[in-house]
1. If we only count strands (runs of 3 or more DSSP E) wholly inside region 148-231, which ones have 2 or more residues that are over 18 Å from the mean Cα position of the chain (by Cα)?
2. Is it the case that some residue within region 170-181 is in contact with a Lys or Arg (Cβ under 7 Å, 6 or more places away or on another chain), closer than 21 Å to L26 by Cβ and hydrophobic (A, V, I, L, M, F, W, C)?
3. Does region 254-271 contain at least one residue that is within 22 Å of D171 (Cβ to Cβ) and buried (at least 19 other Cβ atoms within 10 Å of the Cβ)?
4. From the set of residues in region 112-129 that are outside any loop (DSSP other than H, G, I, E, B) and surrounded by fewer than 18 Cβ atoms within 10 Å (Cβ to Cβ), which is nearest to the chain's Cα centre (by Cα)?
5. One residue is enough: does region 68-81 have a residue meeting the conditions buried (at least 20 other Cβ atoms within 10 Å of the Cβ), within 23 Å of A234 (Cα to Cα), modelled with pLDDT of 95 or more and not aliphatic (A, V, I, L, M)?
6. Inside region 132-158, can you point out the residues that are under 12 Å from G198 (Cβ atoms) and at pLDDT 90 or above?
7. Among (1) surrounded by fewer than 17 Cβ atoms within 10 Å (Cβ to Cβ); (2) free of Cβ contacts under 8 Å to residues at least 40 places away in the same chain; (3) farther than 30 Å from F6 by Cα; (4) not small (G, A, S), there is one condition L109 misses while meeting the rest; what is its number?
8. Of all residues in region 168-190, how many are modelled with pLDDT of 95 or more and crowded, with 18+ Cβ neighbours inside 10 Å?
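The values are calculated or read from the model by the stated rules, or taken from the named source; none is laboratory data. Predicted model, so just to flag it, every value in this text is computed and none were measured. Heads up, the Cβs are rebuilt from the backbone with ideal geometry, glycines too, and the neighbour counts pull from every protein chain shown.
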Amino acid sequence: MNASGFHEGERAVQARAGATEEAARLHGMLRPPWLGGGLRAALAARTFAVLTARDRDGALWISPLTGEPGFLDGDGTTLTVAAAPRAGDPLHALPVPQPAGLLAIDLGLRRRIRVNGRLTDGTDGALTIEAEQAFGNCPAYIRPRLLAPDATAPAGASAPTAVRAGLDDRDRALIEGADTFFLGTTHPDRGTDASHKGGAPGFVRVEGGELWWPDYAGNNLFTSLGNLTVDPAAALLFLDFTTGRTLHLSGEATVEWRDPAAAGDEGGTGRRVRFRPRRVRGSRIPLREAAPVP
């Protein structure tokens with residue numbers, strides 16, 4: 001690890017964005033993790049997370065995980081997850097060991113925690129991650145919504161859907177109406193990451209068979225963009241919170257630098273990400289958006 005705590009891709013993006021000094025103040029977030037105290041309590045309160053990892057063919061995917069409060073249990077540097085990707089999910093029966101990145105998020109409270117490390121066990125419907133990084137993120141760009149278990153969902157999971165090479169009309173409609181998606185990226189030496197991306201409906205554009213979205217100002221760590229600068233492998237997860245439909249995309253992405261005043265740059269950063277899907281797959285999640293309590 002570089003003395004600054006950041007790898008070469010993160011440092012390159014920080015420098016080009018003029019954020020090296022701001023990022024340096026945050027390098028303590030990348031110190032060895034301890035999943036105890038307040039962090040353990042916050043993880044235990046979550047009922048929804050997403051996991052970035054590779055399938056048995058080596059393709060990178062990001063998939064949802066759900067459970068009752070307590071299904072995420074931190075102890076020292078070990079995170080035990082009392083859930084695993086369900087049958088029909090592209091990461092079902094994923095290989096172990098391998099790098100993995102987990103994002104635990106409460107959309108209602110707009111709180112999120114990233115835990116990146118190594119998946120060391122994945123048996124009996126549970127996962128074990130030995131953490132190498134663990135830190136919280138600010139609530140920016142999280143659309144508040146309450147999620148509740150879907151009582152009508154089958155106890156198992158939907159049957160696997162065929163992997164496709166491109167998007168269909170339903171996929172495009174889901175993407176173009178989304179205000180939220182999840183992004184998985186990786187680095188050959190520093191592991192895998194899962195992150196949340198949000199904006200106004202339509203902030204993700206579909207052009208032909210490709211997607212792109214503007215990069216909004218954040219905490220200046222540039223974990224995702226730094227990873228993509230070194231390794232273009234990327235995975236996207238879109239959720240239809242009304243029906244429980246999930247859309248998984250695996251492919252490659254590149255960071256594009258443009259004039260901050262260019263059309264489509266709502267964040268004014270001069271950065272956007274272009275994604276080319278190579279594999280497309282659908283599934284379902286047993287959660288739905290619940291109406292707020294009056």
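1. Answer list for region 148-231: 205-207.
2. So far as region 170-181 goes, no, none of its residues is in contact with a Lys or Arg (Cβ under 7 Å, 6 or more places away or on another chain), closer than 21 Å to L26 by Cβ and hydrophobic (A, V, I, L, M, F, W, C).
3. The answer is no; no qualifying residue exists.
4. Residue satisfying both the conditions and the ranking: R118.
5. No - not one qualifying residue is present in region 68-81.
6. Y141, I142, R143, P144, R145, listed by residue number.
7. (3)
8. Looking only at that region, the number is 12.
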